[in-house]
Amino acid sequence: MNKLYFIVGSQDLYGEECLRQVAEDAKKMTEFFSEKLSDLCEVVLLPTVETARGCVEDIRKANNDDECIGVMTWMHTFSPAKMWIKGLQQLQKPLLHLHTQANERLPYDKIDMDFMNLNQSAHGDREYGYIVARLGIPHEVVAGFYQREDVIKKIRRFVDVAKAMHFSKNLTVATFGNNMRDVAVTDGNRLEAQIKYGWEIKYWGIGEIAELAKNVTEEEIDAKMKEYTDKYTMATDRVDVVREQACMEVAFEKFLSEHDCGAFTDTFQDLHGLNQLPGIAAQNLMAKGVGFGPEGDYKISAFSAVLMKMAEGREGATGFIEDYTYDLKDGCELELASHMLEVPASFADAKPEIQVHPLDIGDKSDPARLVFDSVLGDGIQVTLVDMGDHFRIICADIELVREPEAMPNLPVAQIMYRHKPNFEIGTAAWCYAGGAHHSVVSTALTREDIALFARLTGTELITIGEDTTEAELNRIASYR
Ligand code: MN
């Protein structure tokens, strides 16, 4: 289970009784947080920091525990911040500074110097805030009485983002084939992506999957077909074509598991040895949280896996999406997003249908795919691009809507959405920002989640939404 380490700061100046009370309050708060976060993580209280050595010991414990996804700190009393320098310099986990108090109200009729000395986070947390800022450590500050619902909500957000960062640091991406020829956005600096986000991006030929597929047994295909028919409606009599996809998915699963990969890419320019473009195979894998990027796009493959991990346990859908075409009716502009086939099954608002149709591109056999309408409601579209000397995250607020008319001749899964604040500003801002055409759409995550991820990973962020004005658009246009 993921663990959030809780470290409380104090010092020995105020005597043993004070430290006993600090430890007692910290324990009580830990129990409270443990209950409120029980579905997300275990909250582990470390010994109160009273000296620089104690701080280093606590931080090392957090660093050395593979299950520790982040560290939450709070200064119960004044904890002279020089004693935090050595420890914080070694910290390798995301940091949350909880700015709170054990007591909600001041006991006006009883307050004396002892009470004030014991409960002084306005004093201690600001001293600590200074040193974290001085050291330049990216972190999150959550302020408010610790029992408040909005404070818990923000701590939960931190845990989700920290969990995603932890996953990111351990993620391996299998790229089958290289980038699609001539497509710019799928390329970039793989080495920098590994240094910054931890992604090991490894190349294999798609022939590896073709070879594995040859040895998939009829029983394994039967089991995969049962999984399909349990989850989806068979709306084709071309069962052999669907079995071919099932076989491919088994091969992908075996390969990804054997090589400990949480994400993969393919490209329809290199399907050597495969008879169809992976359709259901990719759609079904994505719905299980496996990252996917088409055209060899390892960045979006890894990023989609990281964001699916962040959204884990929340209501709503999250996954890879490719921008395609617009309905430009004045004032009601909409975008139709899809891909060849690869829209994650998690976006389905009802039981998807398995269908088989020609692809008209890639010179392969007719692929089986899942066809469905998507979930609706507010969401975000977010992408990560390589600007040459830095990475940039672009996050736009969108609203997923039902297509205004049926599209009987487009048998693919798709989603449709409205840009905010409107088409002109929303899409122009996306283009100015260099958002390109591969992204992750989520109705589970919010701009705040992405902003926290960007801050904690030190990634540039551009946001677009109802608050994006013409003036803001001009500012985005001048970004370099
Ligand atoms: Mn593309």
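Below is a table of values for the structure above.
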read-out: Burial order of peptide ranges 201-208, 163-170 (average beta-carbon count within 10 Å, highest first); value: 163-170, 201-208
read-out: Segment Asp378-Ala184, length gained on full extension (0.36 nm per residue, minus Cα span); value: 66.9 nm
read-out: Within the accessible area of the range 172-477 (1.4 Å probe), percent carbon and sulfur; value: 49 percent
read-out: Separation in nanometres of the label points that stand 7 Å from Cα toward Cβ, at Asn422 and Asp222; value: 6.1 nm
read-out: Whether the range 34-88 is rounded, prolate or oblate, judged on the alpha carbon gyration tensor where a/c under 1.5 counts as rounded; value: oblate
read-out: Shape call, the range 68-209: gyration tensor on alpha carbons, a/c limit 1.5; value: prolate
read-out: Estimated FRET transfer efficiency (Tyr326, Lys110; beta-carbon r; R0 56 Å; 0.05); value: 0.25
read-out: The range 246-305-the range 314-344 distance, computed between alpha-carbon centres (Å); value: 20 Å
read-out: Long-range HN-HN contacts of Thr73 with modeled amide H, under 5 Å; value: Ile7, Leu96, His97, Leu98
read-out: In Hz, Karplus ³J(HN,Hα) per residue of the range 416-427 (6.51, -1.76, 1.60; θ = phi - 60°; x = Gly, Pro); value: 10, 8, 9, 8, 10, x, 7, 4, 4, 6, x, 6
read-out: Leu13 versus Glu192: modelled label distance in nm, points set 7 Å from Cα along the beta carbon direction; value: 4.5 nm
read-out: Residues of type aspartates and glutamates that Lys226 reaches as a straight line, Cα spacing below 18 Å, ignoring anything fewer than 8 places off in the same chain; value: Glu218, Asp237, Asp240, Glu244, Glu249, Glu253, Glu353
read-out: Surrounding net charge for Asn64, when Lys and Arg each add one and Asp and Glu each subtract one, Cβ distance under 13 Å; value: -1
read-out: Under 13 Å from the Cα of Lys93 - aspartates and glutamates, other chains or at least 8 residues apart; value: Asp58, Asp65, Asp66, Glu67, Glu140
read-out: Mean ellipticity per residue at 222 nm, deg cm²/dmol - from DSSP H runs of n ≥ 4 across the chain, formula -39500 (n - 2.57); value: -12000 deg cm²/dmol
read-out: Accessible surface of the range 3-165, 1.4 Å probe, proportion on carbon and sulfur as whole %; value: 49 percent
read-out: Segments 344-351, 216-223 sorted - mean Cβ within 10 Å per residue, highest first; value: 344-351, 216-223
read-out: The range 26-136 - percent relative contact order, Cα under 8 Å, separation 6 or more; value: 28 percent
read-out: Size of the range 1-106 as Cα extents on the principal axes (Å, biggest first); value: 36, 32, 19
read-out: Tensor-based shape of the range 147-304 (alpha-carbon gyration tensor, a/c under 1.5 rounded, otherwise prolate or oblate); value: oblate
read-out: Crossing angle, helix 16-36 versus the chain [Cα axis fit, 0-90 degrees, rounded to tens]; value: 20 degrees
read-out: Normalised contact order of the chain, rounded percent, pairs of Cα under 8 Å and 6 or more residues apart; value: 12 percent
read-out: Sparsely packed GluC sites (Glu not before Pro) within the range 1-95, loop by DSSP, other Cβ within 10 Å at most 16; value: Glu67
read-out: The range 172-477: proportion of alpha-carbon pairs further apart than 25 angstrom, %; value: 47 percent
read-out: Residues whose placed amide H lies under 5 Å from that of Thr265, excluding near-sequence neighbours; value: Ala174, Thr175, Phe176, Gly293
read-out: Residue-wise HN-Hα coupling along the range 233-239, computed from phi with Karplus coefficients 6.51, -1.76, 1.60 (Hz; x: Gly, Pro); value: 9, 6, 10, 8, 9, 8, 4
read-out: Rounded to whole Hz, the Karplus (6.51, -1.76, 1.60) HN-Hα couplings of the range 279-291, x for glycine and proline; value: x, 3, 3, 6, 5, 6, 5, 4, 5, 9, x, 7, x
read-out: Pairwise centroid distance, computed over Cα atoms, of the range 29-94 with the range 452-473, Å; value: 30 Å
read-out: Residues whose placed amide H lies under 5 Å from that of Glu460, excluding near-sequence neighbours; value: Phe391, Ile393
read-out: Qualifying trypsin sites (Lys or Arg not before Pro) for the range 1-108 [loop in DSSP, other Cβ within 10 Å: at most 13]; value: Arg105
read-out: Label-point gap, in nm, between Ile137 and Leu410 - each point 7 angstrom along Cα→Cβ; value: 5.0 nm
read-out: Heavy-atom accessible area per residue - the chain, 1.4 Å, Å²; value: 44 Å²
read-out: Surrounding net charge for Ala251, when Lys and Arg each add one and Asp and Glu each subtract one, Cβ distance under 13 Å; value: -4
read-out: Packing rank of 379-387, 423-431, where each peptide gets the mean count of other beta carbons within 10 Å, highest leading; value: 379-387, 423-431
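The values are calculated or read from the model by the stated rules, or taken from the named source; none is laboratory data. If you're wondering where the values come from, they're calculated on a predicted model, not measured in any experiment. Cβ sites come from the backbone with ideal geometry, for glycine too, and all protein chains shown count toward neighbours. These area figures cover heavy atoms from the full protein model, side chains too; ligands, DNA and RNA do not enter into them. Shrake-Rupley method; radii C 1.70, N 1.55, O 1.52, S 1.80 Å.
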